[in-house]
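Please read the structure below before turning to the comments.
The values are calculated or read from the model by the stated rules, or taken from the named source; none is laboratory data. What you see is a predicted model, and the numbers here were worked out from it, not measured in a lab. Cβ placement follows ideal geometry from the backbone for every residue including glycine, while neighbour counts extend to all protein chains displayed. In case anyone asks, the SASA skips ligands and DNA or RNA and just uses the protein heavy atoms, side chains included. Shrake-Rupley method; radii C 1.70, N 1.55, O 1.52, S 1.80 Å.
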Amino acid sequence: MTVTMRDWLLETGSTEEKPDKGHPWWKVMCLTGVDYFSTLGYQPGIAALAAGVLSPLATFVLVLVTLLGALPVYRRVAADSPHGEGSIAMLVRLLSFWKGKLFVLVLLGFAATDFIITITLSAADATAHIDENPFWPESLHGYEVLITLLLIALLGAVFLKGFTEAIGIAVGLVAVYLGLNVVVVGTALWQVVTHPHAVTDWTTTLTTSHGSPLAMVGIALLVFPKLALGLSGFETGVAVMPHIKGDLQARIRGGKRLLTTAAVIMSVFLITSSIATTVLIPAEQFQPGGEANGRALAFLAHRYLGDVFGSIYDLSTIAILWFAGASAMAGLLNLVPRYLPKFGMAPDWARAVRPLVLVFTLTAFVITWIFDADVDAQGGAYATGVLVLITSAATAVTLSAHRRGQRARTGAFGVITVVFAYTTVANVVERPDGVKIAACFIAGILVVSLLSRIFRSFELRVTTIDADETAAGFLRDLGDRQIRLIANEPDRRDAREYSEKITQIITDNDMADQRDIIFVEVTVRDASDFETELHLHGEVLHDRYRVLSVEGSSVPSALAALLLWIRDTTHRRPHVYFEWTEGKPVANFVRYLIFGQGEVAPVTREMIRRAEPERDRRPHVHVG
């Protein structure tokens, strides 16, 4: 059997319905850990540049915020939102209608900023490590953009193969990388212990530059926003939770273990690496152009363990930085299908893995080209995305605790929210480029979503239909007679309303027999929803009028789906009768797009035409 390109792209099915078979929590931790742990490749250097000799103290503040702030917040997110939607789903529940949808799109814009920049920045940093290795040929310098693009393409190729392969690679990379870091950091700390003069020089510089301990703490707190990249990994940690094996409760327990274990491991490495690099590496080496710029631990590996071991460490760092984008890719593949397609704001193929992988890979290509594979230039955008998502998560859990009447937790989470909000604002003020880039992502998502909603406006939006016994009885009672439905917009629902409606339809369509007539009424609750389930309810009003009522997100979509369902259930083609809608057609079509009502008759007929290509099998639509 020949497999077409389209079949191959859609072969993996929906990322929402069946991501994979599931894996132990510690393996999934490695998938998010390639992002989180890989920051060791550049975090000590960032801390040294931001805080100088105060780097260990500033890093300690970062660890406190991690363990006492971000970790409790995301453990709560894991319990309240275990299906991969992260904190976004918690906030969406607070808003309805178009406000909720627009809010989701804005947050998805920041999530896209965080995740896409994770892919591009990590690949660019991997390229920087390649470029700095002493064994890298001089003739290959100057091809940073090309090498970065190749690394991103290789990452995309892994995900085109499948999630299982991605998790397997992540486990191996994390195990090797953390093992090598134990050796490097352990060796460096031994150098610190056996060379007390280095510690003395550091403490002398510390007291000379900052005489007061209170001033040291104040400066460490002020520079904390610059270290915010050390918080990356939490949002992807909850985004990949659907890949944890087991039922819902097992997934929640595994998600909490994943977050806690990763945070503790990272905190230990952050503190120890900060002490070692600050004490042992001269300050000028951290500056742009210095040998330790962006690769402080690699600098120590080469200095104290030789170029051979240092190159092995470089290879491990390059590999994990390259694959750091895997957790971001997995997060995007979990988030996007859960929101955009079901909102009608992305094509239906966006539920499948491979097309999305291609879209995200191409987007990463464009970002890399725009930023010329520069790590520092992308740092602001990355930090902005990370901090906005963490702040939104803290806000979500604060509101969740408040709704449940948990006063102590509400207060504690409220304080954490304030800390992250301050950090976000401080980061935006210092590096506004991050907001500008996020704004581009948000604008792009809004435009694409709007166009998708318009182009998909004639799709059937109904996923399932069921009927109660009364509604099913109405259809059975008609026997072999015609099924005639009158579309009625419910108003007073008194006897006069239905009597006048029947008279009008009979006059307009020259009908003689009223025995087959059944009214059908659609109530729109939330027109911003795209997909919906229909639950058909039957009742007899005023001892005479049979009425089928249903709730949906769109009147035409509900009617078209209902007519096709009646045809398939009764094996007869039903008739439906409309009155022409008064007013301007364009204005009515806009009303349909926004409110789910308006130009009902022609839109219903067009939906039926698109859903059923054979004309002699379509339900009959009459307009008078």
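Summary table below
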read-out: Residue pairs meeting the criteria (Cβ under 7 Å; at least 6 apart or on separate chains; first in a helix (DSSP H, G or I), in region 491-509; second open to solvent by less than 50 Å² (accessible area, probe 1.4 Å) and among the hydroxyl-bearing types (Ser, Thr, Tyr)); value: TYR498/TYR545; ILE505/TYR577; ASN509/TYR577
read-out: In region 284-301, residue least open to solvent (accessible area, probe 1.4 Å) [restricted to those that are in contact with a Phe, Trp or Tyr (Cβ under 9 Å, 6 or more places away or on another chain) and either part of a loop (DSSP other than H, G, I, E, B) or of a type in the set (S, T, N, Q) (or both)]; value: ALA292
read-out: Selection within region 439-476 - among the basic types (Lys, Arg) and in contact with a strand residue (DSSP E or B) (Cβ under 9 Å, 6 or more places away or on another chain); value: ARG461
read-out: Unique match (being closer than 21 Å to PRO282 by Cβ and open to solvent by less than 70 Å² (accessible area, probe 1.4 Å)) among THR203, THR208; value: THR203
read-out: Test: ILE244 is in contact with a helix residue (DSSP H, G or I) (Cβ under 8 Å, 6 or more places away or on another chain), under 30 Å from GLY33 (Cβ atoms) and among the hydrophobic types (A, V, I, L, M, F, W, C); value: yes
read-out: Filter result for THR261 (buried (at least 24 other Cβ atoms within 10 Å of the Cβ), of a type outside the set (Phe, Trp, Tyr) and either part of a helix (DSSP H, G or I) or touching a helix residue (DSSP H, G or I) at 6+ places or on another chain (Cβ under 7 Å) (or both)); value: no
read-out: Test set (1) open to solvent by less than 40 Å² (accessible area, probe 1.4 Å); (2) under 24 Å from ALA70 (Cβ atoms); (3) not aromatic (Phe, Trp, Tyr) - ARG354 fails condition number; value: (2)
read-out: Counted residues, region 228-256 - those being at positive phi and either modelled with pLDDT of 80 or more or among the hydrophobic types (A, V, I, L, M, F, W, C) (or both); value: 1
read-out: Test result for GLY218, in a loop (DSSP other than H, G, I, E, B) and surrounded by fewer than 19 Cβ atoms within 10 Å (Cβ to Cβ); value: no
read-out: Single residue of region 150-178 satisfying the filter (within 20 Å of LEU40 (Cα to Cα) and among the small types (Gly, Ala, Ser)) that is least open to solvent (accessible area, probe 1.4 Å); value: ALA170
read-out: Filter result for the condition that a residue is under 22 Å from ILE608 (Cβ atoms) and assigned to a helix (DSSP H, G or I), over LEU548, LEU564; value: LEU564
read-out: Output for region 420-434, where each listed residue is at pLDDT 80 or above and closer than 21 Å to ILE116 by Cα; value: THR424, ASN427, VAL428, PRO432
read-out: Qualifying residue in region 539-551 (condition: open to solvent by 20 Å² or more (accessible area, probe 1.4 Å) and modelled with pLDDT under 85); value: yes
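Condition check ((1) over 29 Å from LYS99 (Cβ atoms); (2) among the acidic types (Asp, Glu); (3) open to solvent by 80 Å² or more (accessible area, probe 1.4 Å); (4) not in a loop (DSSP other than H, G, I, E, B)) across all residues:
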| site | (1), (2), (3), (4) |
| --- | --- |
| ALA439 | no, no, no, yes |
| ILE454 | no, no, no, yes |
| LEU460 | no, no, no, no |
| ASP466 | yes, yes, no, yes |
| GLU489 | no, yes, yes, no |
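Let's see how each residue does on (1) at pLDDT 85 or above; (2) crowded, with 16+ Cβ neighbours inside 10 Å; (3) in a loop (DSSP other than H, G, I, E, B):
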position	(1), (2), (3)
HIS129	no, yes, no
PRO134	no, no, yes
VAL145	yes, yes, no
THR148	yes, yes, no
